[in-house]
Amino acid sequence: MPALLTENGFIDHASDAQKLRDPNWRQAVVQGHVNGLARAFNLKRKSTNLKSNMAIKRVIVDGVQVGAYAEEENVLRTVQRNLRTAQRIIIENV
């Protein structure tokens, strides 16, 4: 399986530690990862035209997100799968 490892600075270097505290710098690093992964693995952006009006629903079971779905059947299936063991199930619109 293809994999990729990146290093984004070292917390024990003062200049790197300062950058790591900056949310704008972290966002730039994240965007760089997204761009690099897409290029390295030849990924293409999915068309959103068909589902652009569909709401995404997050399913959170006992404080942990277990899924995010555009289709209601998937939400219901996930809730049903966790219904017997969960203390709390939350469905949120994203």
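Residue count for region 7-25, restricted to those that are among the basic types (Lys, Arg) and either loosely packed, with under 12 Cβ neighbours inside 10 Å or at pLDDT below 90 (or both): 1.
Counting only residues that are at pLDDT 90 or above and basic (Lys, Arg), which one in region 40-64 is farthest from Thr6 (Cα to Cα)? Only one residue fits best here, namely Lys57. Among helices (runs of 4 or more DSSP H) entirely within region 1-91, having at least 3 residues that are touching a residue at least 24 places away in the same chain (Cβ under 8 Å) singles out 23-40.
The values are calculated or read from the model by the stated rules, or taken from the named source; none is laboratory data. Predicted model, so just to flag it, every value in this text is computed and none were measured. Note: ideal-geometry Cβ built from the backbone for every residue, glycine included; neighbour counts use all protein chains shown.
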